[in-house]
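The values are calculated or read from the model by the stated rules, or taken from the named source; none is laboratory data. Owing to the predicted nature of the structure, the values given are computational and were not obtained by experimental measurement. Using ideal geometry, Cβ is built from the backbone for each residue, glycine included, and neighbour counts are taken over all protein chains shown.
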Amino acid sequence: MNDKFASWPHRVLAVVTGALRAITHLMLNIPERPMRWAQRVLGGQRIAWLFLTPNLIIFSLFTFLPILINFYYAVTGGVQLWPSERPFIGTENFQKLFACDNYFDYSTCDQDLFWRAIYNSMKFVSIQVVLMVLFSLITALVLNRKIVGRGFFRSVYFFPVLLSPVVVALVWRWILLRDGVLNAIIESMGGEKVLWLLDPSWSFFWVIFVTVWAQMGFYTLILLAGLQAIPRDVYEAAQMDRASPWRTFRKITLPLLMPNMIVVLALALIRAVQTFDEVFVLTGGGPGSATTFLVQYIYNTGFAQQIQRFGLAAAASLVLAVVLFILTMAQLRASRSKIDG
Amino acid sequence: MARLQLKKVVKSYPSGDVIRGVDLDIDDREFVVFVGPSGCGKSTLLRMISGLESVSSGEIIIDDQCVNDIPAAQRGLAMVFQSYALYPHMTVYQNLAFGLENIRTPRDTIAKKIAEAAKMLQIDHLLDRKPTALSGGQRQRVAIGRAIVREPKIFLFDEPLSNLDAELRVQMRAEISQLHRQLGNTMIYVTHDQVEAMTMADKIVVLRSGNIEQVGAPLDLYNRPENRFVAGFIGSPKMNFLPGVISSIDSDGVQVKLDGDEEPTILARVDGAGRTDGEKVTVGIRPEHIHVPGDQSTGRTAAPNGGNTVKLAVKHTEQLGSESYLFAELSGGKRVVVHLPGQTSARIGDIIDVQIPAPSCHIFQTDRGEMALPRLDAPIDRPTTPQTDQ
């Protein structure tokens, strides 16, 4: 009786295992005949296309087609969404974007907000990327050392990367609002409230701070991987060669980390130029247009304003695409020359 | 002048001691080889000397100065790593110059020293190349060059040849020995390869489990191993170990009856003082000390001093042309390896009489660290000269 009782879970397990094995066998064997047939009929080259087709369809529909449509919208005018109702206007949208008496004074431009967004983006990118690379590098160097709780800190720094940018921005908004956590702390210590998100300088600072905080973990991870790939022997050889810690960093670590640094720089740069969601939720581009960047200008122009100027937005997005293309090419070239050299 | 002393040096990790109270004296200009199986602590000991590993207790003294608290950079030593540890982004010249630049050596002095070292190591045509464009042997030369240009008190080599192929290893072995004669520095060399140790060292330090088993000149270790571990580690193929009991002790030596009813008795010219009849021991016989009297083809036809004659059943032979191996069994089934010069006429299934000279036999105790009994006279080290057919 006991034996029977003891053996029934084993029987169930055996049945389940057997069933799973049969299903797996079936799954693997069902496509075999048609695949063999396809291989015979189509040949090796064509069958590759068969596998690529589903992905190509998705890519075409959701990436390639929108790019083409974007081109079409950029050279057509009017406020209609339906393509056939949009008149062809050539380069008028681009002319409008670039109509400026003095490019260094955006108030003299026809689309002053576009130029304001360009300047804001340039300022943001130049500060944010430098800080991003710098802090990621410092953090990676610290996390690469034998410190207490290294595993914990590595997770902690990466944690913000796992959060949605919108969540990150909402959390920080909650901290930085007039009646937010930070002001409550300042007040409890006898200080006065600061309008963090309403003061143009402070809001710009916090936009940089929050984006660096949110994305730094990812870049730290890339640099940490690079640091760990540097053999310990090389450092020991440098130690025997009487290299000071600073010289070891400058002459050994930095050059050997350069391929990873270039990747980080390229990714950070491209992402910084595209910054939208964190800023949109945190400051909404404000106060005024103090934190309006290029992507937000495109969004505002195309979708958020009462008169939706799709053509202008599409033209601006092409300008952004050109900027990103140039940046990517420059970085690829730099990384190639570094690796080859 | 660079004399190194280790006094009761210990290296402990949470998992246990890796080096357990090592005492060692290394004289100026000596070429010392640390040898031992994997995990014996030889590399750890070298790294402790270099300063790359801290000392848990004991003292490391270089030229009468305790260097325990002196960082690696300040000890005046240079190390050649197993993986070469060249700076991959620098050219050969920059690799060689880096150490000198760190101590602010004038540029022309750097250039001069590099030119000399490069010429000595025959890498002067490679100075503009990066390490990735070099072969294993060239990389090793650059690593040695990096050590040479710094003119260290002591050179440390951590298994420098283990990544090279067999042919290159033989070549580099000779080059490092030549370098030692040329430079005259103290050199400490770590290897697990006993051939490297035997061919290069002035003094071999045999390590096991963080302890020194024996220190001595290569042939001393071969001829007079202090214990069974050293006897088994030094020499290739490995010494034959045959367990038995002492059957008699007299002025000729110690007679050991090998375990097993049909196994023979072996006489060894060792001092049996303090030993008693019936005591368990292990007889050690080197494969190259067994002679086959009837085998004309090998040239080693008779043991010079006579000794023990035993029967062996040949189970397998390996003929390498210039030497032969017999894998045989004694009457009772104990396995014995015989190493003969030249080519043997013995065939599988043959029963052959072999002679084992009593002075070539070792006896090891089975307890107390398996120590060897003292030899009564000089052992017969060399086989008789092979005869050539007229």
Selection from segment A:293-320 of residues among the β-branched types (Val, Ile, Thr) and surrounded by fewer than 24 Cβ atoms within 10 Å (Cβ to Cβ) yields A:Val295, A:Ile298, A:Ile307, A:Val319
Being more than 24 Å from the chain's Cα centre (by Cα) and either assigned to a loop (DSSP other than H, G, I, E, B) or modelled with pLDDT of 90 or more (or both) narrows A:Arg145, A:Arg173 down to just A:Arg145
Flagged pairs (Cβ under 8 angstrom, 6 or more apart or on separate chains; first in segment A:216-244, within 14 Å of chain B (Cβ to nearest Cβ); second crowded, with 19+ Cβ neighbours inside 10 Å and of a type in the set (Lys, Arg)) are A:Ala237/B:Arg146; A:Ala238/A:Lys251; A:Asp241/B:Arg146; A:Asp241/B:Arg150; A:Ala243/A:Lys251
Being assigned to a loop (DSSP other than H, G, I, E, B), within 14 Å of another protein chain (Cβ to nearest Cβ) and touching a helix residue (DSSP H, G or I) at 6+ places or on another chain (Cβ under 9 Å) narrows B:Met79, B:Met90 down to just B:Met90
Scanning segment A:286-303 residue by residue, the ones that are in contact (Cβ under 8 Å) with a residue 24 or more places away in the chain and not polar (S, T, N, Q) total 8
By residue number, the members of segment B:298-325 that are assigned to a loop (DSSP other than H, G, I, E, B) and either at pLDDT below 80 or at negative phi (or both) are B:Gly299, B:Arg300, B:Thr301, B:Ala302, B:Ala303, B:Pro304, B:Asn305, B:Gly306, B:Gly307, B:Leu320, B:Ser322
Among A:Leu224, A:Leu254, the single one that is under 30 Å from A:Ala272 (Cβ atoms) and in contact with a Lys or Arg (Cβ under 9 Å, 6 or more places away or on another chain) is A:Leu224
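Okay, residues lined up against (1) in contact with a helix residue (DSSP H, G or I) (Cβ under 8 Å, 6 or more places away or on another chain); (2) more than 18 Å from B:Ile246 (Cβ to Cβ); (3) part of a strand (DSSP E or B):
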site	(1), (2), (3)
B:Phe327	no, yes, yes
B:Ser331	no, yes, no
B:His339	yes, yes, yes
B:Ser345	yes, yes, no
B:Ile348	no, yes, no
B:Ile352	no, yes, yes
B:Gln355	no, yes, yes
B:Ile363	no, no, yes
_Given the criteria surrounded by 13 or more Cβ atoms within 10 Å (Cβ to Cβ), among the small types (Gly, Ala, Ser) and at pLDDT 90 or above, does A:Ser121 qualify?_
yes
With criteria (1) within 14 Å of chain B (Cβ to nearest Cβ); (2) crowded, with 21+ Cβ neighbours inside 10 Å, A:Trp206 comes up short on (1)
Practice problem: Consider B:Arg107 carefully, then state whether it is among the basic types (Lys, Arg) and at the interface with chain A (Cβ under 9 Å from one of its Cβ atoms). | Solution: no
Note on segment B:130-147: residues under 13 Å from B:Ala118 (Cα atoms) and within 14 Å of another protein chain (Cβ to nearest Cβ) are B:Arg139, B:Gln140, B:Val142, B:Ala143, B:Ile144, B:Gly145, B:Arg146, B:Ala147
Of (1) free of Cβ contacts under 8 Å to residues at least 40 places away in the same chain; (2) not in a helix (DSSP H, G or I), A:Phe62 fails just (2)
The condition of being in contact with a strand residue (DSSP E or B) (Cβ under 7 Å, 6 or more places away or on another chain), at pLDDT below 95, crowded, with 18+ Cβ neighbours inside 10 Å and not hydrophobic (A, V, I, L, M, F, W, C) holds, among B:Asn185, B:Asn223, only for B:Asn185
- Item | Qualifying residue in segment A:262-272 (condition: modelled with pLDDT under 90 and touching a Gly at 6+ places or on another chain (Cβ under 9 Å)) | yes
Only one of B:Asp28, B:Asp108, B:Asp23, B:Asp69 is within 30 Å of B:Val205 (Cα to Cα) and either at pLDDT 95 or above or not in a loop (DSSP other than H, G, I, E, B) (or both), namely B:Asp23
